[in-house]
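> To start, I am sharing the structure in question, which I have written as structure tokens.
Every number here is computed from the coordinates shown, using simple stated rules; none is lab data. Everything numeric in this text was worked out from a predicted model, so none of it was measured. Here the Cβ positions follow ideal geometry from the backbone for every residue, glycine too, while neighbour counts run over all protein chains shown.
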């Protein structure tokens, strides 16, 4: 998952010692240690959450999220960054100066930027489903003003793609970054989801009282990526004063976990990762079957050449599933691991300016040439 296995000075060396700690990997844990977590004792108290890098305000309070408005002006084409809802906070999209998706879009001339800041699941959220998140995403888009440019990161990518297929008229352009869609293509994530017995996931939800506890998953693995792993993710040397501060910030971000609603989690594991329902056009979203060929908006796909979570072949394979004409599909691969696609300094220097330029580009000439 990261380019180097975590060293014992900061982690256990297990494959799950990955800063993303996808919730699906909980199966491996559950098979090894199904109930002994009860004896581990309470977690250490943590400081308050890290501050955002980009100034923003809360535009909307919804059951699943706070919609954050990072806009610099009130007019112009809006871009909505759909952060992954897996284990960590949406700060993954606004981590630090030079390591922020929001900042890179703004630097590239995208003045109206919004961000889905997903809430950690509480007991009253345990029955929220994928439809709940699609519904609130739709409310957010209506609040911003359709059509929007959707920028989906990782799991926020498949959610954005589902949304674009369900509401094609509300999405002008679609950016999918390290997004798992076709799980028939082999990856460590798809193998893990397929190979674990289904009861493991059910037990994980039951142990969390109907939710999946991000804190427990983090503690289970005693997960702590080493400095080399974080260097690979942030794509910069950490030996100077600024690097030391980034390292400390990364450690705090990594420790700030989110809980997931059990219903939502099981739908992802079973329907998307085990049964590949999105890629097979078998997914029903908000009462209607979703057909990816209904997505005809221009698409930009970004993949990491060193991404073991969502390999480049998987991230780029989405192009053949959608109805977007080939002339309107742009794709790029970066020498990056998974986290580096969102946080890496090199990726933000090279790939994200290109994405911002593509979002601003007048594609009418491409349409004329392809006619």
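> If we count other beta carbons within 10 Å of each Cβ, what is the order of 313, 318, 122, fewest first? Could you put the intermediate results ahead of the total?
Numbers: 313 14, 318 27, 122 10.
Going from sparsest to densest Cβ surroundings: 122, 313, 318.
> Only residues of the range 279-313 count here: report those whose backbone N is under 17 Å from the spot 7 Å along Cα→Cβ of residue 142, or say none.
Inside the label zone: 286-288.
> Round to the nearest 0.05 the FRET efficiency obtained for residue 228 and residue 129 when R0 = 51 Å and r is the Cβ-Cβ distance.
Working: r = 39 Å, r/R0 = 0.76.
So, using R0 = 51 Å, E works out to roughly 0.85.
> Could you give the distance between the Cα centres of the range 193-210 and the range 50-74, to the whole Å?
Centre-to-centre distance over Cα atoms comes out at 33 Å.
> Neighbour counts of other C-beta atoms within 10 Å: give me 60, 302 arranged from fewest to most. Walk me through the intermediate numbers first.
Values: 60 16, 302 28.
Final ranking by Cβ density, sparse to dense: 60, 302.
> Let me ask something else about it. Arranged by the count of other C-beta atoms within 10 angstrom, fewest first, what order do 277, 217 take? Before the final figure, lay out each step's value.
Values: 277 17, 217 25.
Result, fewest neighbours first: 277, 217.
> Another question, then. Under 1.5 on a/c is rounded, so check that first for the range 261-318, then, if it is not, pick prolate when a/b is larger than b/c and oblate when it is not; a ≥ b ≥ c are the square roots of the alpha carbon gyration tensor eigenvalues. Can you show the working numbers first?
On the way: a/c = 2.37, a/b = 1.24, b/c = 1.91.
Here the range 261-318 falls in the oblate category.
> Quick check: from the Cα gyration tensor, does the range 50-133 come out rounded (a/c under 1.5), prolate or oblate? Intermediate values should be presented prior to the final figure.
Numbers: a/c = 2.36, a/b = 1.70, b/c = 1.39.
It is prolate, given that a/c is not under 1.5 and a/b is the larger ratio.
> Rank-order 143-156, 123-136 by packing density, defined as the average count of other C-beta atoms within 10 Å over each peptide's residues, highest first. The partial results should precede the final answer.
On the way: 143-156: 22.6, 123-136: 17.8.
Answer by packing, highest mean first, reads 143-156, 123-136.
> Residue separation times 0.36 nm, minus the C-alpha to C-alpha distance between residue 206 and residue 284: what's the value?
Working: separation 78, 0.36 × 78 = 28.08 nm, distance 2.54 nm.
Working it through step by step, the gained length comes to 25.5 nm.
> Can I ask one more? Expressed in nm to one decimal, what extension gain is obtained for the pair residue 294 and residue 73 from 0.36 nm per residue of sequence separation less their Cα-Cα distance?
On the way: separation 221, 0.36 × 221 = 79.56 nm, distance 3.21 nm.
Stretched out fully, the residue 294 to residue 73 stretch lengthens by 76.4 nm.
> Now, a different point. Can you compute the FRET efficiency between residue 332 and residue 252 using 1/(1 + (r/R0)^6), with r the Cβ-Cβ distance and R0 = 45 Å? Round to the nearest 0.05. Provide the component values of the computation, followed by the final result.
Details: r = 31 Å, r/R0 = 0.68.
Rounded to the nearest 0.05, the efficiency is 0.90.
> Multiplying the sequence separation of residue 194 and residue 122 by 0.36 nm and subtracting their Cα-Cα distance, what value in nm do you get? Walk me through the numbers on the way to the answer.
On the way: separation 72, 0.36 × 72 = 25.92 nm, distance 2.78 nm.
So the extension gain works out to 23.1 nm.
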